[in-house]
Amino acid sequence: MSDFAGYQQHIIELIYLVASALFILALKWMNTPATARRGILAGEIGMVLAIGGTLLQHGIIDYKWILVALVIGSGIGVPLGLVQMTAVPQRTALSHAFGAFCVTLVGTAEFYLRTPNVQPFMMSVLCCEVILGGLTVTGSLMAAGKLQEVLPQRPITFKGQNIVNLSMLVIAIVIAVYLVHNPGATHLYPVMVGIALVFGIMLVIPIGGADMPTVISLLNSYAGLSAAAMGFVLNNKLLIIAGALDGSSGFILSVIMSKAMNRSFTNVLFGAFGQVAAAAAGAQETRPVKSASPDEAAGILAAASKVVIVPGYGMAVAQAQHKVRELYDSLTKRGIDVRFAIHPVAGRMPGHMNVLLAEADVPYDRLMEMDDINGDFPQTDVSLIIGANDVTNPAAKTDQSSPIYGMPVLDVERSHTVMVIKRSMNPGFAGIDNPLYYMDQTLMLFGDAKVFVSNIVKELSGGHG
Ligand code: NAP
């Protein structure tokens, strides 16, 4: 290596080191809303440095095709970044599919470049890379299709499914072991990758749309691990670090989400959850409920001294977060203590409510996590539920036959008055009725979240209280 090339390599290593540190800091800062924006920026700068450092690599002899790929990639990436917040889970799944596709292609190129002289360690890492990468490509595409409803959301199951799936995985692993000892057996390589691709489809079809976000974070973990394996193959430390961070954070997120929905991993992967929910959806009650108008709701809020707002998926759909912020301002101006109760799986993706409320500049210290606020509901005058349903369903605590039995929920029914903004008596994500709506202390505020909240704000500024 010439002096210049050696110098260049040192610079690249330094850039990679700074990028790795930025990725780690990004994850740390994204832990709390107060530093989340800084975290995103750190991640972005880290990624620019990682790409820049890679473009400095000595081995690159021509930038023409890299430029073409950059233009195509940006052409796909920019519109993907503009999707609605509610479509972020399927957008994320697509990103995983692209990342894993890239990993699988790079692994395949490396295999054909190196065969038959591949050391056993290198070959085993390469096999891990393409098996995980391959199943993540098709698994993520299936997950995105189910969430976007271009594929059926319901679980597709057949007899002996788990045995068929397991056998496929075992065959792919047996081929991988054979290739580790006989890397010249090039005819077996496409069979192994092909099985991984089919396995990804088979892995996701028995899982209902309800569990897709958890599956996506699990696939995120697989994509990260395959990228880390690629780092070993390419001898690239940055890829190993970034892949390991991605792999472990995706796994931790899946565990957190499963816990918040009171589901075990095996239950998510083999439970066919959507079927239960669909079956229960038929049993909707016809009991009477009490409803109220915006001016009645405004009067009740104005007379309260402690209010807890519970946002959910409906607030996201209605894009009501800015109006909710106006309501918060209007109530706090009157000296009312207003806090927000954030359920870990409210909405359709982790941190969904935090992101929306941060966008509307609701002060972070007003957002309370479920465990911190549940004890305060008996001292709460009004719980105002805005487009949330399942996360407030008391049946999760009392009805053993409920599909969400055991899921931790917000104890809103313990507050003096409960007001629920939603458009109808239709169920939420789990497809089940909510007994909260028929309780004595509950008032239904029927309407679109944005319109209803805006009408309450108007009533409040009109001089109630
Ligand atoms: P939810 O149970 O899905 O209920 C949302 C409610 O919002 C619906 O009942 C709907 O009732 C109402 N709504 C919809 N559009 C509205 C609008 N424009 N204005 C007013 N209301 C509107 O939502 P959630 O309580 O937030 O619970 C989240 C659910 O998603 C849980 O079951 C959770 O397990 C699941 N989940 C979450 C995640 C995650 O990461 N956050 C991941 C996977 C699954 P109407 O139709 O009557 O208006």
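Taken together, the values in this text are just the output of simple stated rules run on the coordinates, not laboratory data. As the structure is a prediction and not an experimental result, all values here were calculated from the model. When we count neighbours, we look across all protein chains shown, and the Cβ atoms used for this are built from the backbone with ideal geometry, even at glycine.
Which residues among segment 405-432 fall inside the zone where the amide N is under 19 Å from a point 7 Å beyond the Cα of ASP371, along Cα→Cβ? Output list for this probe position: 406-412. Ranked by the mean number of other Cβ atoms within 10 Å of their residues, highest first, the peptides 206-215, 184-193, 127-136 come out as 127-136, 206-215, 184-193. Look at the Cα gyration tensor of segment 68-220: its axes a ≥ b ≥ c give a/c of at least 1.5 with a/b at or below b/c, and that counts as oblate.
Take each uninterrupted DSSP H stretch in the chain, measure its Cα extent along the helix axis, and return the ones at 30 Å or beyond whose mean Kyte-Doolittle hydropathy is at least -1.0.
3-29, 33-55, 88-114, 120-147, 161-181, 212-234, 237-260
Dipole orientation for segment 330-465: of the candidates LEU356, VAL453, LEU443, VAL453 has the Cα lying most toward the positive pole (charges on Cβ; Lys, Arg +1; Asp, Glu -1). Protection proxy ranking, highest mean first, for peptides 434-445, 337-348, 288-299: 337-348, 434-445, 288-299, where packing is the per-residue count of other beta-carbon atoms within 10 Å, averaged. One chain, two ends: TYR7 and ILE163. Fully extended at 0.36 nm per residue, the span grows by 50.7 nm beyond their Cα-Cα distance.
Working note: Cα gyration tensor of segment 35-99, eigenvalues times five, square-rooted, sorted largest first, giving semi-axes of 26, 18, 9 Å. Each of CYS128, VAL103, MET142 was placed along the dipole of segment 101-220 (beta-carbon charges, centred on the mean Cα), and the one lying farthest toward the positive end is MET142.
Where the convex hull is taken over the Cα atoms of segment 9-155, what is its projected area averaged over directions, in nm²? It is 12.0 nm². Along the axis of the charge dipole computed for segment 44-192 (Cβ charges of +1 for Lys and Arg, -1 for Asp and Glu, origin at the Cα centre), the listed residues ASN117, THR186, LEU169 are led at the positive end by LEU169.
In a simple Cβ point-charge model (Lys, Arg +1; Asp, Glu -1; nothing else charged), the chain has a dipole of about 440 debye relative to its Cα centre. For the peptides 329-335, 142-148, the ranking by packing is 142-148, 329-335, with the highest mean count of neighbouring Cβ atoms within 10 Å listed first.
Suppose the chain between VAL177 and ALA360 were pulled fully straight at 0.36 nm per residue; how much longer would it get relative to their current alpha carbon spacing?
60.5 nm
Can you give me the C-alpha center-to-center distance between segment 129-168 and segment 75-125, rounded to a whole angstrom? Result: 17 Å between the Cα centres. A P(r) calculated from all alpha carbon pairs of the chain, with 10 Å bins opening at zero, reads 4, 18, 26, 22, 15, 9, 4, 1, 0 percent.
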